[in-house]
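Engineer: Pasting in a structure now, in structure tokens, and then I'll have a few things to ask.
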Amino acid sequence: MNESTKEEKKLDSLVLKQAVRDLASKDVDLSNSAEDYFYSKDFKQLCERLDIDIEIMRKAIRELVEYPVISKKKIANDIARMIDKSFMHLDNY
């Protein structure tokens with residue numbers, strides 16, 4: 001993997017992590033905006049670049065949206081940690 005691709009994937013993983021955290025925000029506008037992002041063309045392209053199954057992600061997002069804010073925050077933080085672990089290997093190239 002070349003340096004440019006590695007940096008792009010790291011950036012994409014940070015965008016994904018922030019979108020998940022925004023989804024769990026108490027700020028309704030921010031949360032709604034994040035939810036819209038998960039159904040956007042940009043998100044589809046991000047999933048393709050990161051080789052993530054978009055349908056599995058969208059199912060998880062739909063389920064996450066149903067939780068109360070407190071639970072959403074904990075789950076979003078757990079997901080953020082999983083994203084970090086999944087893309088940690090990019091630092092080793």
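The values are calculated or read from the model by the stated rules, or taken from the named source; none is laboratory data. Computed from a predicted structure; not experimentally measured. When we count neighbours, we look across all protein chains shown, and the Cβ atoms used for this are built from the backbone with ideal geometry, even at glycine. SASA here: full protein model, heavy atoms, side chains in, ligands and nucleic acids out. Shrake-Rupley method; radii C 1.70, N 1.55, O 1.52, S 1.80 Å.
Engineer: If you only keep lysine pairs separated by 8 or more in sequence, or across chains, how many in the chain come under 20 Å at the Cα atoms?
Structural biologist: Number of lysine pairs found: 29.
Engineer: Using Cα-Cα distances under 8 Å and only pairs 6 or more residues apart, what relative contact order does the chain have, in percent? Could the numbers behind the result be given before it?
Structural biologist: Numbers: 61 pairs, mean separation 38.0, N = 93.
Rounded, it is 41 percent for the chain.
Engineer: Counting Lys and Arg as +1 and Asp and Glu as -1, each charge on the Cβ, what is the dipole of the chain about the Cα centre in debye, to the nearest 20?
Structural biologist: 300 debye
Engineer: Nearest 10 degrees is fine. How inclined is helix 41-50 to the longest principal axis of the chain, computing both from alpha carbons?
Structural biologist: The angle comes out at about 50 degrees.
Engineer: State the percentage of accessible surface on the chain attributable to carbon and sulfur atoms; use a 1.4 Å probe and exclude ligands, DNA and RNA. Don't skip to the end; give the middle numbers.
Structural biologist: Values: 3250 of 6120 Å².
It is 53 percent, rounded to a whole number.
Engineer: Calculate how steeply helix 69-87 sits against the longest principal axis of the alpha-carbon atoms of the chain, using the helix alpha-carbon long axis, and give the answer as 0 to 90 degrees to the nearest 10.
Structural biologist: Here the helix axis deviates by roughly 10 degrees.
Engineer: Tell me the trypsin sites (Lys or Arg not before Pro) within the chain that lie in a loop according to DSSP and have at most 14 other beta-carbon atoms within 10 Å. Present the calculation step by step, with values, prior to reporting the outcome.
Structural biologist: Details: sites: Lys6, Lys9, Lys10, Lys17, Arg21, Lys26, Lys41, Lys44, Arg49, Arg58, Lys59, Arg62, Lys72, Lys73, Lys74, Arg81, Lys85; in loops: Lys26.
Those that pass, being in a loop and sparsely packed, are Lys26.
Engineer: At q = 0.15 Å⁻¹, what base-10 log of I(q)/I(0) does the Debye formula yield for the chain when every alpha carbon is treated as an equal point scatterer in vacuo?
Structural biologist: -0.56
Engineer: Counting only heavy atoms of the protein chains, get the accessible area per residue of the chain (1.4 Å probe) and round it to a whole Å² value.
Structural biologist: On the way: 6120 Å² over 93 residues.
Accessible area per residue: 66 Å².
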